[in-house]
Amino acid sequence: MVLGLLSLFIWPLPFGGLAISIVGLALGIIVSRRGKAGMAVAGIVLASIGLLLALAELKFGVLDIILRAYFAT
C-alpha cells in the first residue's frame, strides 16, 4: 500500500512513477495471493491509478514530441 500511495505522488516524474507503480502493483498482487488481502487490495487499486496516470502522462509526452517535430517545419 505504501508504494501505491507513493505512486500517486510520483507519477509526473518521467520514469520514476511508472517503475514505482509497476512494482507496487506486482507486490500487491503477490501479497493478496498469500491471503492478506485487506491492505493489498488498497495497494493494488492505488498502484493501478498511479500506473494509469503515469501511462497517460507518457502518452501525452510522446504525442507532444511528435507534434512538435511535425509542426516545426
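Readers should treat all values here as calculations from the given coordinates under stated rules, not as data from a laboratory. Because the structure is a prediction, the values reported are computed rather than measured. Cβ coordinates were reconstructed from backbone atoms using ideal geometry, including for glycine residues, and neighbour counts include every protein chain displayed.
Numbers for the structure displayed
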{"item": "Output for segment 25-60, where each listed residue is touching a residue at least 40 places away in the same chain (Cβ under 8 Å) and farther than 12 Å from Trp11 by Cβ", "result": "Ala42, Gly43, Ile44, Val45"}
{"item": "Within segment 7-22, tally of residues that are touching a residue at least 24 places away in the same chain (Cβ under 8 Å) and surrounded by 13 or more Cβ atoms within 10 Å (Cβ to Cβ)", "result": "9"}
{"item": "Filter result for Ile29 (of a type in the set (Val, Ile, Thr), within 10 Å of the chain's Cα centre (by Cα) and under 18 Å from Leu52 (Cβ atoms))", "result": "no"}
